[in-house]
1. Looking only at residues in segment 167-180 that are assigned to a loop (DSSP other than H, G, I, E, B) and in contact with a Gly (Cβ under 8 Å, 6 or more places away or on another chain), which one is farthest from residue 203 (Cα to Cα)?
2. State which residue is surrounded by the most Cβ atoms within 10 Å (Cβ to Cβ) when the search covers only segment 276-329 and only residues that are assigned to a loop (DSSP other than H, G, I, E, B) and of a type in the set (Phe, Trp, Tyr).
3. Quick one: how many residues across segment 363-390 are surrounded by 21 or more Cβ atoms within 10 Å (Cβ to Cβ) and not polar (S, T, N, Q)?
4. What residue, among those in segment 236-275 that are in contact with a Cys (Cβ under 9 Å, 6 or more places away or on another chain) and part of a loop (DSSP other than H, G, I, E, B), is surrounded by the most Cβ atoms within 10 Å (Cβ to Cβ)?
5. With respect to residue 195, is the statement that it is among the hydrophobic types (A, V, I, L, M, F, W, C), buried (at least 20 other Cβ atoms within 10 Å of the Cβ) and on the phi < 0 side of the Ramachandran plot true?
6. State the number of residues belonging to segment 198-207 that are assigned to a helix (DSSP H, G or I) and buried (at least 18 other Cβ atoms within 10 Å of the Cβ).
7. Among the helices (runs of 4 or more DSSP H) confined wholly to segment 75-144, which include 2 or more residues that are touching a helix residue (DSSP H, G or I) at 6+ places or on another chain (Cβ under 7 Å) and without any contact (Cβ under 8 Å) to a residue 12 or more places away in the chain?
Amino acid sequence: MAQNMNEHTVPSDPQELSTAILDLWVEWVTNNNLQLHPGQIRQLEAAIRTNIAHAYRGQRIPHTPTGIRTLSPYAAGQTIASARKKSGVTEITKLSSNEHAVGPSPQAKDTVSQLLSELHRYPEVQHRDLHEALANHHGLKKNQFFIGNGSNEAIDVLTRIHQPPGAVGVISRSSFSMYRHFLRSNGVLCVEVALNGMQQDRMALLEACRKEGAAFLFLTTPHNPTGEVLSEKALLEVLDEVGPGTMVVVDEAYGEYAEPHPDFSPAQKLLERYDNLVVLRTFSKAFGLAGIRIGYAMSNPSIIQAMDQTRQPFNLNRLALSVAQAALEDVGHLKETVQTNHTERIRLRTEFINLGLQVPDSGANFLLVQLGVPGKTITASLSDKGILVRDLASYGFPDAIRVTIGTPEQNTYVLEEVRAALEVEK
C-alpha cells in the first residue's frame, strides 16, 4: 500500500484527501482478497474523515486566495465600555471614531420606537421609499442609487462587478483601509501611492493608473485623516485624464460636513458627464446613524443595476431603511449639525495652532493634529483621563493624532488635556 500511496499526488483539500485515502484502502483490501461488508467501510470512512479534519483544524483553508490570506481584520476603535473598564473613568469623552457629536435627529429616534412592533416582518427588498427620498435630496433619478450596509458594502460590490483581466485598483496609501481590504479580498491588485504632504498626490495617482491600466481609482473628499477637500477643478483634472475603463470612486463620507468649505464641490454634479464616476455617501457621519450601518453609492444606472444584481437580498433591515429616511427628511437637524461642526472645527483648530501645533485645514468633523512628540504617548495620556482620540501611526503620521469634533464642552476639555499632556512631555 505504501508503494501505491507514493504513486499518487497527495491532495491539499481535507475532503479530497479523505476520499483518496479511503480509495487506497479499498484498493488494498481488494488486491489482498480481504472481505469488508458495507458497514465496516462506512465506519472506516467516518474514522478517516474525522482524523483528517482534526489534523487540518487550525490551519488555513487550503484554497483561500492569496489576496484574502494576506488581509488583516479591521481594527476598530476602542468602545466606551472598554475605555471605562481600562481607565476607571465613568464619563468617557469619545473623539476617536468621527461619530456625530450628539447623535441622530429626534425624528429618527421617534421612528425607531414606532417600528419595534414590526420587526417580525421582512424589510422592503428594493428600498423604493428610500430611493425616492435620496433622489429628491440629491436631485438625481431613483435608478442612480445603490443602498447598502454602510458604504463598505458599496465598495465591496463595486470591486466585484468590474474586473477586467489583471484588474488593478489605485489608492492613496494613508486612506480608509477598506479600499485596500475589498480590492484584495475580491482579487484586485491594490497599488498604493504615497501622499504628497497632507494631500492626495493626484499626478502620481494618475501616473499609476496609466502604468497599471487601472480598473479603479479611489479618491476621498474630505480625506480621512488629513481633512483635505478636493475642488471641482481637481476632480475634473482626474476625470479628464483617466481612461473610460477606470472607475473613479469618490468617497464623500464626510461630504455634508464639507458643505461650508469654499473648495468643496459635490462630485454628484459631474455624474451626468462621466459614466465611470461613482460617488459614495453614508448615514454614519453627519446623520448620526453609525450604529445602524447604512450608506449609498450614486452613479449611472448601468453601474447601479449591476451592483443591485450582485448584492444580497434584504441587505438592509427595517430599522435602517426607515430611520435613514426619517433622518434625511429632518433637514433642520442636519443643518444645525453642519453649522455647529463648522464653528467648533474653526475654534478648535485655532486653539491648537495657538499652542504651536501644526493642524492642516479640514472640511470634515475631525482635525489632524501634529504634536511634535509620538502620538501614542499623548493618546495614552488622554486615555487615562477618559478621553479617546486616534493615534495616526498606522496612517503614516507617528507624531499626530486625529481628534473628532465633539460638543463645545468636549472640545474645550480635550484641548486643555492635550495642553497638559504636552507640558509633561517637554
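The values are calculated or read from the model by the stated rules, or taken from the named source; none is laboratory data. Computed from a predicted structure; not experimentally measured. Note: ideal-geometry Cβ built from the backbone for every residue, glycine included; neighbour counts use all protein chains shown.
1. 167
2. 283
3. 14
4. For segment 236-275, the residue satisfying everything is 246.
5. no
6. 3
7. 128-138
This table checks each residue for (1) at pLDDT 95 or above; (2) under 30 Å from residue 115 (Cβ atoms); (3) more than 21 Å from the chain's Cα centre (by Cα).
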residue: 244; (1), (2), (3): no, no, yes
residue: 269; (1), (2), (3): yes, no, yes
residue: 279; (1), (2), (3): yes, yes, no
residue: 283; (1), (2), (3): yes, yes, no
residue: 293; (1), (2), (3): yes, yes, no
residue: 296; (1), (2), (3): yes, yes, no
residue: 348; (1), (2), (3): yes, no, yes
residue: 352; (1), (2), (3): yes, no, yes
